[in-house]
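Reading through the structure tokens given below for one structure.
The values are calculated or read from the model by the stated rules, or taken from the named source; none is laboratory data. Treat the numbers as computed from the prediction; the structure is a model and nothing was measured. Because the Cβ atoms are built from the backbone with ideal geometry, glycine has one as well, and the counts that use them run over all protein chains shown. To get the accessible areas, we keep the full protein, side chains included, count just its heavy atoms, and leave off ligands, DNA and RNA. Shrake-Rupley method; radii C 1.70, N 1.55, O 1.52, S 1.80 Å.
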Amino acid sequence: MSSARDDILGRLRQRIGREPVGTPAARERVEQVISASQAGPRPSYDGDLAARFIERAKALISTVDDCAAPADVPARCASWLASQGLGRQVVVSPALAGLDWAASGLDVRIGAAAGDDPVGITGCFRAIAETGTLMLCSGAQSPAVNSLLPETHIAVVPREHIVADMEAAFAVARDTLDPWPRAVNFVSGPSRTADIEQTIVLGAHGPYRVHLLIVG
């Protein structure tokens, strides 16, 4: 069966002018394709990465607030939720459990989000300045559902976690994550779709709103 398959594929390759697999010419062709894919333009940023990230995140309809220190996070979350009329009930990722949520006046549950949690508060593995995107890595301390199920997602973004681009984010991941998480999610603003008549609809597959707290 393998011989017949190889014969058929070989004839097809001859018809379309392709070299047989495994020949030096074929290997050279593959290397050329790989080299070309790696030679694409990769922008560099000489300015403030945080400023670039905030600009791109706002363009994606995320809202952004500054937070001087981690200790201020609960109060800033409570203040923003009150200003939006979004209530006090939140589910917080275990990674942020050490903050003083009791003093914020919020109704806080630590753990993974369920279908009836209106607000999910998470950390952020890295934030990508080039696109305004969050890189979230799942784990016991950072349940993936906290950024997916609630209608409102608040992400706590340490300023030092903002990197230039996707390549930089993955480089940090390869160096620091062991074992690799079961899920790596990229969040670029509120969930949206234009599948129906090319009309943008928010919240189709996830949160209606994404709020970012830039800490530090």
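Which log10 I(q)/I(0) values does region 132-189 give at q = 0.16, 0.23, 0.31 Å⁻¹ under the Debye formula, counting every alpha carbon as one identical point scatterer?
For region 132-189, the Cα-only Debye profile gives -0.52, -1.09, -1.52.
Highest mean first, what order results for 92-98, 72-78 on Cβ atoms within 10 Å?
Highest-to-lowest ranking by the protection proxy: 72-78, 92-98.
Hey, what's the Kirkwood Rh for region 49-215 if you take every pair of different alpha carbons, in angstrom?
Computed over Cα pairs of region 49-215, the Kirkwood hydrodynamic radius comes out at 16.0 Å.
On the protein heavy atoms, probe 1.4 angstrom, tell me the percent of accessible surface of region 49-215 carried by carbon and sulfur.
The computed percentage sits at 54.
Describe numerically, in nm with one decimal, the distance between label points set 7 Å from Cα along Cα→Cβ at Met166 and at Ala4.
Label at Met166, label at Ala4, 4.2 nm between them.
Within region 39-130, report the chymotrypsin sites (Phe, Trp or Tyr not before Pro) that DSSP leaves as loop and that have at most 16 other Cβ atoms within 10 Å.
When the chymotrypsin sites (Phe, Trp or Tyr not before Pro) of region 39-130 are filtered for loop state and at most 16 Cβ neighbours within 10 Å, Tyr45 remain.
Treating the beta-carbon of each Lys and Arg as +1 and of each Asp and Glu as -1, no other charges, what is the dipole magnitude of region 49-215 about its Cα centre, to the nearest 20 debye?
My answer is approximately 60 debye.
Residue-wise, which Karplus ³J(HN,Hα) couplings in Hz belong to region 93-101, taking 6.51 cos²θ - 1.76 cosθ + 1.60, θ = phi - 60°, and x for glycine or proline?
4, x, 4, 9, 5, x, 6, 7, 6
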